[in-house]
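Structure incoming, see below.
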Amino acid sequence: MNRTAIYPGTFDPITLGHVDVVTRGLKLFDRIVIGVADNPNKGPMFDAETRVNMVRETFEAEPQVEIARFSGLLVDLAHQYQAHAILRGLRAASDFEYEFQMATMNRRLDAEIETAFVMAREDYTFVSSRFIREISGMGGDVSALVPPPVLAYLEER
Ligand code: ADP
């Protein structure tokens, strides 16, 4: 049986916290499709194409990971890839409220798709794309917190 999960997010940019979620997800699923949401209303630092490229370069050597850019409903993306699950990561209780709403809404849209959560690695619980953008924007060193390909993109900015 081929078990596929969609891991959706903005990935603005992808961090080692996101990579950790994928690594954990691969223990549960055969294939993970990373869904990079266009999310123009979030006013992302990197455009969708660049975010996709950063994710692609990060997982270049991982055949079980695919990347899909999307702008519509998550459940539609799941159908497109015949995924039976949505993968999300939890860092702290503060993540829960939003994740709970999203999982409940997606369940209403398609009761057959399960949302699965994995816990962040302890030393990445404080890592978020927002902090990466802020710290790097002020010249701070984020090299221990993002995959190597992302560093080049941040330096370019
Ligand atoms: P979104 O815009 O949907 O919140 P993000 O790219 O910020 O997208 O996050 C995607 C998912 O990854 C979310 O479930 C988020 O909680 C999770 N996540 C982000 N950073 C980490 C981390 N450091 N450890 C574990 N999960 C994380």
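No value in this document is a laboratory result; all are computed from the given coordinates. Not measured: the values here are computed from a predicted model. Don't worry about glycine lacking a Cβ; one is built from the backbone with ideal geometry, like all the others, and counts go over all protein chains shown.
Distance in nm between label sites at Tyr98 and Glu57, each 7 Å beyond Cα in the beta-carbon direction?
Rounded to a tenth, the inter-label distance reads 2.5 nm.
Moving on. Over the Cα atoms of the chain, what Rg and Dmax result, in angstrom?
15.0, 48
With θ taken as phi - 60° and the coefficients 6.51, -1.76 and 1.60, list the Karplus ³J(HN,Hα) couplings across the range 92-98 in order, rounded to whole Hz; mark glycine and proline as x.
8, 4, 5, 6, 4, 3, 5
For Ala116, what residues show an amide H to amide H distance below 5 Å, using hydrogens built from the backbone and excluding near sequence neighbours?
Ile86, Leu87, Arg88
Can I ask one more? Hey, can you grab everything whose amide H is under 5 Å from the amide H of Val33? Only 5+ residues off in sequence or another chain; H modelled, so Pro and N-termini drop out.
Ala5, Ile6, Tyr7, Glu66
Still on this structure, please answer the following. Would you please give the residues with an amide H less than 5 Å from that of Val146, counting only those at least 5 places away or on a separate chain, with H modeled from the backbone geometry?
Leu16
For the range 47-54, take each phi angle, set θ = phi - 60°, evaluate the Karplus expression 6.51 cos²θ - 1.76 cosθ + 1.60, and give the result in whole Hz per residue in order, putting x for glycine and proline.
Per-residue couplings from phi come out as 5, 4, 4, 5, 5, 4, 4, 5 Hz.
Using the Karplus equation 6.51 cos²θ - 1.76 cosθ + 1.60 (θ = phi - 60°), what ³J(HN,Hα) coupling, rounded to whole Hz, does each residue of the range 141-157 give in order, writing x for Gly and Pro?
Working through the residues one at a time gives 8, 10, 4, 8, 10, 10, x, x, x, 5, 4, 4, 5, 5, 5, 5, 6 Hz.
Under a 10 Å cutoff between Cα atoms, tell me which one of Arg107, Arg88, Arg69 has the largest fluctuation in the Gaussian network model of the chain.
Arg107
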